[in-house]
Amino acid sequence: MGLLLLVPLLLLPGSYGLPFYNGFYYSNSANDQNPGNGHGKDLLNGVKLVVETPEETLFTYQGASVILPCRYHYEPALGSPRRVRIKWWKLSENGAPEKDVLVAIGLRHRSFGDYQGRVHLRQEKEHDVSLEIQDLRLEDYGRYRCEVIDGLEDESGLVELELRGVVFPYQSPNGRYQLNFHEGQQVCAEQGAVVASFEQLFRAWEEGLDWCNAGWLQDATVQYPIMLPRQPCGGPGLAPGVRSYGPRHRRLHRYDVFCFATALKGRVYYLEHPEKLTLTEAREACQEDDATIAKVGQLFAAWKFHGLDRCDAGWLADGSVRYPVVHPHPNCGPPEPGVRSFGFPDPQSRLYGVYCYRQH
């Protein structure tokens, strides 16, 4: 059901929003819109404007800088340069509103919202209007449109940006199925993550994620990934796949949540300490080591991308106790790689160490 609902979204053209931006004017005529990549229109003199963007998805990580390539040219080529207007915006997905990113005419430009101070046009070569985004944030991934406007004609192309990351299921300290959609968003954010999209969960399932508890996704559907069909998880007669409960009420219905965390700029490590610690002592010990107690998303990212492999259970920021295993071995849990969990023990218990995070 979730996959079927996503297909129409991919076909929706971006709307232009407000026509005026700090002195820039853009036509809102429906005839000016073109959802394709690199297909030109005939200008009045028979010259065609062509915009080129990459067909492949760009992958990067949180905190990095990335260039979204976009170039344009004319067919046939023109002998003299023309004054064009450039607009970049992020398309609406999963109920999130469309976001204006940057508009420019010549050397004049303006960026918007959370992108202010983080984006600029490259313009290093003629007809190069690639967008550079700095200090990438979790919410920056998605589809971006590059539009070139020449007089009454315009042409645009799409660039898809994905962050390298890991999907992990998250359950409330109060137990299974305790989170409505908004609470799911909050707990993911508290763990250095965002609610996962269907595409991210599907990719995680392809890589082997098998989880029987249903959880919220970014589009407010509830789904769960199954690699090994079994009785408690829909029955052994169903094929492996991502199973869907469909859309659920964002406030009234309660499930777990699937979070998505990206690769780290910093380092997660198990703090070598002479004694086991309470949760409060664990936080203080990390601070004394010029670090902070690690979040769940940071531990999963360190396991996934930095090969953190440790058989020692340690406190995390949410009060849970976990440990990451890359190479399973005896006396260290199940035979599969993963991040093991002891749940949420008594915060006063002195049975565990701590995982700290230090930013580079």
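The values are calculated or read from the model by the stated rules, or taken from the named source; none is laboratory data. Here the structure is a predicted model, which is why all the values come from computation and not from measurement. Here Cβ is always computed from backbone atoms with ideal geometry, including for glycine, and neighbour counts include all displayed protein chains. Remember, those area values only see protein heavy atoms, side chains included, never the ligands or the DNA or RNA. Shrake-Rupley method; radii C 1.70, N 1.55, O 1.52, S 1.80 Å.
For region 291-307, which positions are open to solvent by 60 Å² or more (accessible area, probe 1.4 Å) and part of a loop (DSSP other than H, G, I, E, B)? Listed by number, the residues that qualify are 295, 306.
Condition check for residue 204 on (1) under 16 Å from residue 66 (Cα atoms); (2) touching a residue at least 24 places away in the same chain (Cβ under 8 Å); (3) not in a strand (DSSP E or B): one failure, at (1). Evaluation of residue 310 against the conditions (1) more than 22 Å from residue 187 (Cα to Cα); (2) within 26 Å of the chain's Cα centre (by Cα); (3) surrounded by 16 or more Cβ atoms within 10 Å (Cβ to Cβ) shows that the sole unmet condition is (2). Restricting 288, 336, 284, 275 to those that are in contact with a Lys or Arg (Cβ under 8 Å, 6 or more places away or on another chain), more than 26 Å from residue 140 (Cα to Cα) and open to solvent by 70 Å² or more (accessible area, probe 1.4 Å) reduces the list to 275.
Quick check on residue 192: is it of a type outside the set (Asp, Glu) and within 29 Å of residue 93 (Cβ to Cβ)? Spelling it out, residue 192 is indeed of a type outside the set (Asp, Glu) and within 29 Å of residue 93 (Cβ to Cβ).
Only one entry of 263, 239, 189 meets the criterion of being open to solvent by 50 Å² or more (accessible area, probe 1.4 Å) and modelled with pLDDT under 95, and that entry is 239.
Kindly indicate the residue of region 326-360 that is of a type in the set (A, V, I, L, M, F, W, C) and more than 24 Å from the chain's Cα centre (by Cα) and also farthest from residue 174 (Cα to Cα) among those meeting that condition. Filtering region 326-360 for residues that are of a type in the set (A, V, I, L, M, F, W, C) and more than 24 Å from the chain's Cα centre (by Cα), the one farthest from residue 174 (Cα to Cα) comes out as 332. For region 348-358, does any single residue satisfy the condition of being more than 15 Å from residue 270 (Cβ to Cβ), out of contact with any Lys or Arg (no Cβ under 9 Å at 6 or more places or on another chain) and either open to solvent by 20 Å² or more (accessible area, probe 1.4 Å) or not in a strand (DSSP E or B) (or both)? Checked against the condition, which is being more than 15 Å from residue 270 (Cβ to Cβ), out of contact with any Lys or Arg (no Cβ under 9 Å at 6 or more places or on another chain) and either open to solvent by 20 Å² or more (accessible area, probe 1.4 Å) or not in a strand (DSSP E or B) (or both), region 348-358 yields at least one hit. Residue 224 meets each of the listed conditions (1) more than 16 Å from residue 199 (Cα to Cα); (2) open to solvent by 10 Å² or more (accessible area, probe 1.4 Å); (3) in contact with a Lys or Arg (Cβ under 7 Å, 6 or more places away or on another chain) apart from (1). If the condition is being surrounded by 15 or more Cβ atoms within 10 Å (Cβ to Cβ) and assigned to a loop (DSSP other than H, G, I, E, B), then region 55-67 contributes 61, 62, 63, 64.
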